[in-house]
Amino acid sequence: EVQLVESGGGLVQAGGSLRLSCAASGFTFDNYAMCWVRQAPGKEREGVSCIRSSDHSTYYANSVKGRFTISSDVAKNTVFLQMNSLNPEDTADYYCAFGVLPYGIRGWDWFRPPKYGIDFWGKGTLVTVSS
């Protein structure tokens with residue numbers, strides 16, 4: 001079973017930055033995506049960002065495009081989310097998520113609510129942005 005452990009959440013003022021990390025272990029898949037999904041109190045889950053193992057292509061939700069950057073260290077099985085220009089609307093639990101992909105899949109149409117095509121979830125890390 002894939003294990004995902006997030007870190008890096010915390011309290012930050014509006015306009016500030018945080019960098020989340022997710023360490024993955026216990027997987028034998030070759031074609032997969034590692035993603036970040038967030039959920040704010042009283043709101044639906046929102047797919048934030050993904051990076052695909054096959055070609056390192058990335059996805060960003062419109063709400064974070066230009067502010068967040070996803071990256072990975074393949075050797076360490078770790079994915080990062082650099083979050084800049086944070087605002088209070090970014091306050092949420094951020095979950096690391098692992099999705100197994102079939103060979104040949106293209107695009108990001110599979111990354112949709114409610115489950116976002118995710119097979120394994122981390123326990124989450126809380127990001128709180130104050131104004």
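Values quoted throughout were computed directly from the atomic coordinates according to the rules given, and no laboratory measurement underlies them. None of these values were measured; they are calculated from a predicted model.
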Can you list the HN-Hα couplings for region 83-95, worked out from phi with the Karplus curve (6.51, -1.76, 1.60; θ = phi - 60°), rounded to whole Hz and with x for Gly and Pro?
-> 10, 10, 6, 5, 10, x, 5, 7, 4, 4, 7, 9, 10
Area projected by the alpha carbon convex hull of the chain, averaged over all directions, nm² | 7.4
Filtered pair list for the chain (Lys only, Cα < 24 Å, 8 or more apart or interchain) has a length of 6
Do you know the relative contact order of the chain, to the nearest whole percent, from alpha carbon pairs under 8 angstrom that are 6+ apart?
-> 35
What list of ³J(HN,Hα) couplings, whole Hz, do you get for region 48-64 from phi and the Karplus terms 6.51, -1.76, 1.60, once you set θ to phi - 60° and write x for glycine and proline?
-> 8, 6, 9, 9, 9, 5, 5, 9, 6, 5, 10, 10, 9, 5, 4, 5, 10
Just the projected area, averaged over all directions, of the convex hull on the alpha carbon atoms of region 44-101: how many nm²?
-> 4.6
